[in-house]
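The values are calculated or read from the model by the stated rules, or taken from the named source; none is laboratory data. If you're wondering where the values come from, they're calculated on a predicted model, not measured in any experiment. Every residue, glycine as well, gets a Cβ built from its backbone with ideal geometry; the counts of neighbours run over all protein chains shown. The protein model used for the area step is the full one, side chains on, heavy atoms only, and it has no ligands, DNA or RNA in it. Shrake-Rupley method; radii C 1.70, N 1.55, O 1.52, S 1.80 Å.
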Amino acid sequence: MSTSIESVLHETRVFPPPAAFVAQANVSGQAAYQALLDEADRDPNGFWGRLARENLQWTKPFTQVLDESNPPFYKWFGDGELNVSANCLDVNLVNGNADKIAIIFEADGGEVVKVTYRQLHERVCKFANALKSLGYKVGDRAIIYLPMSIEAVVAMQACARLGVIHSVVFGGFSSKSLHERITDVGASLVITADAQMRGGKAIALKPAVDEALGMGGCEAVRHSIVYRRTGGEVAWDAKRDLWMHEIAEKQSADCPPVPVNAEHPLFILYTSGSTGKPKGVQHSSGGYLLWAKLTMQWTFDAKPSDIFWCTADVGWVTGHSYITYGPLAAGMTQVVFEGVPTYPDAGRFWKMIQDHKVTTFYTAPTAIRSLIKASDANAAHHPKSFDLSSLRLLGSVGEPINPEAWMWYHINVGGERCPIVDTWWQTETGGHMITPLPGVTPLKPGSCTTRLPGITAAIVDETGGDVEAGHGGFLVIKRPWPSMIRTIWGDPDRYQKSYFPSELRGYYLAGDGAQCDADGCFWIMGRIDDVLNVSGHRLGTMEVESALVAHELVAEAAVVGRPDATTGEAVVAFVVLKRSRPEGDEAIAIGKQLRDWVAKEIGPIAKPKEIRFGENLPKTRSGKIMRRLLRVVAKGEEVTQDVSTLENPAILDQLSKPV
Ligand code: WTA
């Protein structure tokens, strides 16, 4: 992303926090922030212990805050017990929130359903009792493959209530990806829907589950529970399939939460790494929930009167921490949205903010960039055509936000009065790590600014030494924190090797390159590994390469990222076929076939934007593919590097031409 990094690093605008916001903020002013930083740096265990006692209800209090006897396998609050669902729901029945709206659900077609905390509690209890009656218990694994819905939150919370470990799979993933996750996690239960509605169309979900379960290796799955979303025809296996509403309705509304150890896995969420196989990131119960709740209060300045809206899908970590867990633990009212930002038109987000009087809006740069384009094209869809005066805080997540998009968001959505929290974090970190605090931090468009208290983020070189301000390096977290990844499910070795390389002195390696400026603000420069960020979604280049070479026509493939004005990065694939290099219409036809194949193998989000065919790939004499050169070629730039080590320099010419 070289061009945008250049513009980012020359950015000099600074926006101090508005006085009106500071006056009412949960963390108000620099001194309050500094006091928290100091407390955490002086006595980390005292700091985290205090927060865990103040913010969570423990059925058995912990006596040890951090067990670091076996790094990097850290344990937090390790002898304490609690239940996550009780901390999200039951607490709100006794603190005056019972009749408060917990979720305002808006369906793709615009229908609105609201549930109070009491109603949500009842639905979770009934569904948890149904799971219990089917024999599901602490430690079992459930795959959740559901559309954005109240039912998705109910399913996740019901698992948490019983100590069943959930693994949510984004509804856009293919049956093959689903199968990979079902078998890797050893699921005994799948929770899905007949279909999901997106942009006015029904997209079937259950057939992908049926296909995945038919692929073999899923014998442990005893039931597939189906939420009836559209009521369309579905194939049914009477021995395995159950309707969610049928099994829940006859249950009691009382389901005692099962206390679990603080370290009990709450969920496993698969994410892309630099090798072919996605990693099952394992999160804890106590430490994870503590941070989901605290960051609601700190980063999002959660107030009882807020209407919070995070536009992520529960299939990603953002939807876990800032839909299913954080907002409920903080007793907030939140909007849950089934649809897409462009249906029925590109004014959808702004209309929903207006209709539901949203105060806090959290979305991804990709969505902002695509809505900028749409509102330029049609003024009726411009945020200025809506009443957005309810907004008081904006957020951004998932990828770097370019200063142009930041300014547009600030002026047109935030009316120049709302702070923007540009939150840097990852599936592995569980919650925000580097972000402005809206009542404290002067904002710089394009920078995620400063670390949260207790988070020891730093920029280091390849030996772990600190890098001075203004120089690039690896983004690391020096000390463990409660919501950190605990391991990669079933692969502790990979956990240790990927995140704690020995040369980095035991620091957590985030996989991002970054630099700090003279004010200590962080500027993220993108991944340092073979992971792409397409529309805020992580995608391993090796994953896409493996999918391509699994096609019968393909001999070899190399995948790289290219900067893209809307999606941040786009996938470009260089392919060598087993037969001669196609040209013209044939190349277009085979390109389409391969793109559809990748969508089927992984999911539509992984589809290469462009495929180029060559008789070969640029390789060194030892046979190593020179991806570095392919990145230059993919951008349409001239190769200026020395190519004398290449075995076949002429191939670059062939690959420079788009089909
Ligand atoms: C990128 C999403 C710049 C980064 C929560 C990270 C960001 C990866 C930001 C994690 C941000 C996330 N500014 N880059 N505010 N937030 N990233 O696991 O490269 O889907 O490593 O978690 O997204 O993506 P993940």
Q | Selected residue [open to solvent by less than 20 Å² (accessible area, probe 1.4 Å) and in contact with a Pro (Cβ under 9 Å, 6 or more places away or on another chain)] from 450, 435, 441 | A | 441
Q: State whether the residues of the stretch 457-474 include one that is in contact with a strand residue (DSSP E or B) (Cβ under 6 Å, 6 or more places away or on another chain), within 13 Å of the ligand (Cβ to nearest atom) and part of a strand (DSSP E or B).
A: yes
Q | Conditions (1) part of a helix (DSSP H, G or I); (2) of a type in the set (S, T, N, Q); (3) free of Cβ contacts under 8 Å to residues at least 40 places away in the same chain; number of the one not met by residue 396 | A | (1)
Q.
Could you check the stretch 307-321 and list, in sequence order, the residues that are touching a residue at least 60 places away in the same chain (Cβ under 8 Å), away from the ligand (no atom under 12 Å from the Cβ) and either touching a Phe, Trp or Tyr at 6+ places or on another chain (Cβ under 6 Å) or assigned to a loop (DSSP other than H, G, I, E, B) (or both)?
A. 314
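For the stretch 527-546, how many residues are within 9 Å of the ligand (Cβ to nearest atom) and open to solvent by 20 Å² or more (accessible area, probe 1.4 Å)? Full working, then the answer.
The initial filter retains those residues of the stretch 527-546 that are within 9 Å of the ligand (Cβ to nearest atom), namely 527, 531, 533, 536-538.
Okay, now just the ones that are also open to solvent by 20 Å² or more (accessible area, probe 1.4 Å), so 527, 533, 536-538.
Count: 5.
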**Q.** Number of the condition not met by residue 375 [criteria: (1) more than 16 Å from the ligand (Cβ to nearest atom); (2) open to solvent by 10 Å² or more (accessible area, probe 1.4 Å); (3) in a helix (DSSP H, G or I); (4) not hydrophobic (A, V, I, L, M, F, W, C)]
**A.** (2)
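Okay, residues lined up against (1) assigned to a helix (DSSP H, G or I); (2) in contact with a helix residue (DSSP H, G or I) (Cβ under 9 Å, 6 or more places away or on another chain); (3) more than 15 Å from the ligand (Cβ to nearest atom); (4) within 24 Å of residue 346 (Cβ to Cβ):
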site: 405; (1), (2), (3), (4): yes, yes, no, yes
site: 416; (1), (2), (3), (4): no, yes, yes, yes
site: 428; (1), (2), (3), (4): yes, yes, no, no
site: 432; (1), (2), (3), (4): no, yes, no, no
site: 436; (1), (2), (3), (4): no, no, no, no
site: 440; (1), (2), (3), (4): no, yes, yes, no
site: 447; (1), (2), (3), (4): no, yes, no, no
site: 454; (1), (2), (3), (4): no, yes, yes, no
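Which strands (runs of 3 or more DSSP E) sit wholly inside the stretch 61-164 and have at least 2 residues that are open to solvent by less than 10 Å² (accessible area, probe 1.4 Å) and not basic (Lys, Arg)?
Numbers: elements: 101-106, 112-116, 141-145.
Ranges flagged: 101-106, 141-145.
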Q) So which residues in the stretch 529-579 are assigned to a strand (DSSP E or B) and acidic (Asp, Glu)? A) 556, 564, 569
Q: Name the one entry in 213, 266, 189 that is under 28 Å from residue 331 (Cα atoms), among the hydrophobic types (A, V, I, L, M, F, W, C) and open to solvent by less than 30 Å² (accessible area, probe 1.4 Å).
A: 266
Q. Out of (1) of a type in the set (D, E, K, R); (2) touching a Leu at 6+ places or on another chain (Cβ under 9 Å); (3) closer than 22 Å to residue 457 by Cα, what's the single condition that is false for residue 13?
A. (3)
Q: Answer yes if at least one residue in the stretch 647-656 is at pLDDT below 90, assigned to a loop (DSSP other than H, G, I, E, B), among the small types (Gly, Ala, Ser) and open to solvent by 70 Å² or more (accessible area, probe 1.4 Å), and no otherwise.
A: yes
Q: Tell me which residues, restricted to the stretch 580-596, are in contact with a strand residue (DSSP E or B) (Cβ under 9 Å, 6 or more places away or on another chain) and either of a type in the set (Phe, Trp, Tyr) or assigned to a loop (DSSP other than H, G, I, E, B) (or both).
A: 581, 582, 583
Q | Qualifying positions in the stretch 462-508 - surrounded by 14 or more Cβ atoms within 10 Å (Cβ to Cβ) and basic (Lys, Arg) | A | 478, 479, 486, 494
Q. Could you list, in sequence order, the residues of the stretch 347-367 that are open to solvent by 10 Å² or more (accessible area, probe 1.4 Å) and either within 14 Å of the chain's Cα centre (by Cα) or among the aliphatic types (A, V, I, L, M) (or both)?
A. 364, 366, 367
